[in-house]
1. Within region 253-264, is there a residue that is at pLDDT 90 or above and more than 23 Å from Ser138 (Cα to Cα)?
2. Taking helices (runs of 4 or more DSSP H) that do not extend beyond region 42-155, which have at least 1 residues that are open to solvent by less than 60 Å² (accessible area, probe 1.4 Å), at pLDDT 75 or above and touching a Lys or Arg at 6+ places or on another chain (Cβ under 6 Å)?
3. Could you list, in sequence order, the residues of region 156-166 that are part of a strand (DSSP E or B), open to solvent by 20 Å² or more (accessible area, probe 1.4 Å) and at pLDDT 90 or above?
4. In region 218-246, which residue that is open to solvent by 70 Å² or more (accessible area, probe 1.4 Å) and either acidic (Asp, Glu) or more than 19 Å from the chain's Cα centre (by Cα) (or both) is nearest to Trp42 (Cα to Cα)?
5. If the Cβ limit is 9 Å and pairs must be 6+ apart or interchain, which residue in region 210-223 that is over 19 Å from Trp244 (Cα atoms) pairs with which residue that is of a type in the set (D, E, K, R) and not in a helix (DSSP H, G or I)?
6. Counting just the residues of region 282-296 that are modelled with pLDDT of 70 or more and in contact with a Ser or Thr (Cβ under 9 Å, 6 or more places away or on another chain), which one comes out surrounded by the most Cβ atoms within 10 Å (Cβ to Cβ)?
Amino acid sequence: MNSELGQLMNQTLLYPFVFVAAVIVIFSFLGAIIYYQFLAKWVPEKLASFVWFIGAAFILFKCVDNFDKVKDITKNWTTTGFVIGFIALIVMFGIIMGLMPSKRTSGMKKTKKNSSRPSKKQPLRSVQEKSDQAILESSFSRLSGAEFERLLALYFRDQGYTVHEVGVGGKDGGVDLVIIDQRGEKTAVQAKCYADRNHVGVGIVRELVGAKRNHDCILSLLITTSDLTEPAKKEADKFKVDYWHGAILEQKLKAWGKWTPTKQSTKTRAVEQSARDVIRRSQAEASASNEMICSCGAPMVIRKSKEGKQFRGCSTFPKCRHTTSI
């Protein structure tokens, strides 16, 4: 008697309830795959969540309206089939959770961890080497990496973006700026102020692809004053990373109208000429002593990494960051 009553309860309440839940989970599973694999770049996550809510509510109301049909479908379910189906639902739910972005919490933890460190160990980005006006009047060759990032921040703000300068003291983790358009779409920006012959390699592109999710970004943009190597361009195309190389970047900044690198004072030109003279003398001395010359024309000097390994680096660092192994 008790077993018959239990079977009746399962068929009347539990099995139909599980059936409705299974339909909603399957709907969510298919929707998550379609969204995160194909539509995440164009459709905001909030809109996708709203569409999912409407769809789930529609399924629920339809099942309630046709409750007798749902009971007919589930009346022949067996305990074994029920257990297998329940396990399958758990697996699908786990896949859905795996597809969803899950880096926000880790990002908050990193922020809290960084804020607990002594202030002496945090070189603040707000310490400016040049004023904004001086940066707007400087060519790429006269900008440091941090100043180049500030130039881009000024440009994007004027284009209507909200800009977050996320790199602190050069420890950007692959992302220098996070720009947000009027629709709330986030783009991770990596900026590389390189000499013309020092092209961006594949490693930089992969670093940006891996780091953009740390900042909850869907899109990514690599901006360099030089260019990308051919393998790096293929890698960028493969992972849908937009990139601006030197010519495109210069065209955009000049069209902006505020970047006027031709405005140089007599004092500035004298300083640059003096620097060029120093490089020429260094080149002559390097040639006499069989020293290596960097692609930018300056001599290479021997330095040590944090691990104590020796390498050759450009003597004009940080203006030029080209290195070679010994």
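1. Within region 253-264 (the criterion being at pLDDT 90 or above and more than 23 Å from Ser138 (Cα to Cα)), the answer is no, since none of the residues qualifies.
2. On the way: elements: 45-65, 67-74, 79-99, 104-115, 132-136.
Where helices (runs of 4 or more DSSP H) fall fully within region 42-155 and carry at least 1 residues being open to solvent by less than 60 Å² (accessible area, probe 1.4 Å), at pLDDT 75 or above and touching a Lys or Arg at 6+ places or on another chain (Cβ under 6 Å), they are 132-136.
3. Taking region 156-166 as the starting set, the residues that turn out to be part of a strand (DSSP E or B) are 162-165.
Restricting the remaining residues to those that are open to solvent by 20 Å² or more (accessible area, probe 1.4 Å) gives 162, 164-165.
Passing the criteria: Thr162, His164.
4. The initial filter retains those residues of region 218-246 that are open to solvent by 70 Å² or more (accessible area, probe 1.4 Å), namely 230-231, 234, 237-240, 242.
Pick out the ones that are also either acidic (Asp, Glu) or more than 19 Å from the chain's Cα centre (by Cα) (or both) and you get 230-231, 237, 242.
On the way: Glu230: 28, Pro231: 27, Asp237: 17, Asp242: 15 Å.
Taking the candidates together, the pick is Asp242.
5. Arg213/Lys103; Asn214/Lys103; His215/Lys103; His215/Lys186; Asp216/Lys103; Asp216/Lys186
6. Quick first cut of region 282-296, residues modelled with pLDDT of 70 or more only: 292-296.
Still in the running and in contact with a Ser or Thr (Cβ under 9 Å, 6 or more places away or on another chain): 292-294, 296.
Values: Met292: 13, Ile293: 16, Cys294: 26, Cys296: 19.
Among residues in region 282-296 that are modelled with pLDDT of 70 or more and in contact with a Ser or Thr (Cβ under 9 Å, 6 or more places away or on another chain), the one surrounded by the most Cβ atoms within 10 Å (Cβ to Cβ) is Cys294.
The values are calculated or read from the model by the stated rules, or taken from the named source; none is laboratory data. Remember, it's a predicted structure, so these values are computed and weren't measured experimentally. Reconstructed Cβ throughout: ideal geometry from the backbone, glycine too, with neighbour counts over all protein chains shown. The accessibility values were calculated without ligands, DNA or RNA, using every heavy atom of the protein model including side chains. Shrake-Rupley method; radii C 1.70, N 1.55, O 1.52, S 1.80 Å.
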